[in-house]
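Step one of this worksheet: look at the structure below.
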Amino acid sequence: MKLNVLVLGSGGREHALCDKISRSPRLEKFFCAPGSSAISRLARCVHFDILNPATVLEFAVKNKINLVVVGPEVPLAAGVSDALGKRKIACFGPTRRAARLESSKAFAKEFMKKYEIPTAHFRAFQSFSSVSRYLSQITERPLVVKASGLAGGKGVFVCENKRAALLAAKKLMEERIFKDAGDKVVIEECLTGPELSVMGLTDGRSFVLLPLSRDHKRLKDRDLGPNTGGMGAFAPVSVSTKIKEEIEKIFKKTLTGIRREKMNYRGLLYCGLMLTEDGPKVLEFNCRFGDPETQAVLPLMDSDLLPFLWATSQKKLKGLKLKVRKKTSVCVNLVSEGYPEKIKIGRRISGLEKKHEGAQIFHCGTVLENGEWKSAGGRVLSVVGVGSNLKDARQKAYGGADAILFQGRAFRRDIAKERIFRQKLK
Ligand code: AMP
Ligand code: GLY
């Protein structure tokens, strides 16, 4: 069966998804809302409010859409999947209730505790005074303070001491820098170890893991500076059989919880893991493809992605095997001046139409105006190199990154450079 597909979103992740879907022989009509200038070369971009479930449903019905693929988390938290489900339109993306695994960190932590999924010890708070009281009672130590709600990957503060933790909680709960996302705050123990992003397609019963990847969240080289939405990624990360088994165990326990809680989960489950001395622990769940991990992982997929997305939405994932190229990919994000705080946009971008030896470019925040590409967001471009090893892939990615210029352009020089990832993680 040929499929009419609608992708929701406009960033680098959606550009990579659209790129992959557009190559599928199973594809009939292809729409993206709102999409971007770059995506418009692959799909028909349409404009309506993707955060309004009724509007998404109306478009899907009118255009005989068979499958809606949701890129970002906010439409999921708004209930887009629920609205489509009521009219039997398939959606790759969980229902609003299931998406709480991402949209409420307090809920996700309780879920992990209940289903014995390894994670950092935590406490959840609903008022600044209770945070303040708690901090005054504990001994000095590093702590992690998190906005419970959605904050675009920027609501997490790793704090050296209690004073910094109190300040972070104040920013979230009193200054309300992320509005009601900071109404509840989670404070957890600070873990250490290499981090790993695990993405798996799941229909609530079976799961298919994609190649493991590593995201670089901090703004600056050597993991300095504030957390961002992501400065780059690479894949695959190779891990020992023991870690692989532990990861599978985490997925199985999560699916058990999803079933027991009667959540309707058909989509992507993302586990942000830290490999601690006591084994892998879950830092966070996301209910959608990671950004920029997707830009690094999809170019490694040999299989046609669309039948996998469709099978997930139809609860027919069982037995499907993903074919992966024996290659390595590195994604370097070029970001705007001032990112992740006050960004400067509208800067003319040069070098985009050049051939970039081996580098593939996904647009995160750009616009084509009168034949000129301009920056239009915090994250501007993902430059991805695919090679036979990390060194080769890095060379290609950085070759591309260096050739693309815009005023105030910033990127990390050390993506995929950590020594620890050059060998199998044990
Ligand atoms: P999250 O959005 O929850 O994944 O957090 C963003 C980043 O903050 C993670 O990728 C980690 O680098 C860091 N982080 C989150 N939780 C912890 C923790 N419990 N211990 C240490 N670092 C953490
Ligand atoms: N790269 C982390 C995320 O997508 O949230």
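Points to keep in mind about this one:
- For the range 224-260 and the range 332-385, distance of Cα centres in Å: 28 Å
- Tensor-based shape of the range 39-163 (alpha-carbon gyration tensor, a/c under 1.5 rounded, otherwise prolate or oblate): prolate
- Antiparallel bridge percentage (DSSP; both residues within the chain; nearest 5): 80 percent
- For the options 92, 122, 31, a Gaussian network treatment of the chain with springs between C-alpha atoms closer than 10 Å singles out 122 as fluctuating the most.
- FRET efficiency, residue 391 to residue 344 (Cβ-Cβ, R0 35 Å, nearest 0.05): 0.55
- Estimated FRET transfer efficiency when R0 is 30 angstrom, pair residue 245-residue 174 (beta carbons, to 0.05): 0.10
- The residues of the chain expose on average 45 square angstrom of accessible surface per residue, using a 1.4 Å probe on protein heavy atoms.
- Set of the range 118-139 residues, backbone N closer than 17 Å to the point 7 Å along the Cα-Cβ line of residue 163: 132, 135-139
- Set of the range 59-83 residues, backbone N closer than 17 Å to the point 7 Å along the Cα-Cβ line of residue 52: 59-63, 75-76, 78-81, 83
- Inter-probe distance in nm under a simple model that places probes 7 Å from Cα toward Cβ, at residue 88 and residue 113: 4.2 nm
- Net length available on complete extension from residue 132 to residue 40 is 28.1 nm, with 0.36 nm assigned per residue and the Cα-Cα distance removed.
- Just checking the listed ones, 382, 313, 130: in the Gaussian network model of the chain with Cα springs under 10 Å, the one fluctuating most is 130.
- Full-stretch length increase - residue 2, residue 353 - with 0.36 nm per residue and alpha-carbon distance subtracted: 123.1 nm
- Modelled this way, with points 7 Å down the Cα-to-C-beta line, the labels at residue 209 and residue 402 are 3.6 nm from one another.
- Surface composition of the chain: carbon plus sulfur atoms contribute 48% of the solvent-accessible area (1.4 Å probe, protein chains only, all chains present).
- Protection proxy ranking of 396-403, 232-239, 57-64 - average other beta-carbon atoms within 10 Å, highest first: 232-239, 396-403, 57-64
- GNM result for the chain, Cα springs below 10 Å: residue of 287, 364, 45 fluctuating most strongly: 45
The values are calculated or read from the model by the stated rules, or taken from the named source; none is laboratory data. None of the values given here were measured: they were computed from a predicted structure. A quick note on method: Cβ atoms are made from the backbone with ideal geometry, for glycine too, and the neighbour counts reach across all protein chains shown. Protein only, heavy atoms only, side chains kept; ligands, DNA and RNA dropped before computing areas. Shrake-Rupley method; radii C 1.70, N 1.55, O 1.52, S 1.80 Å.
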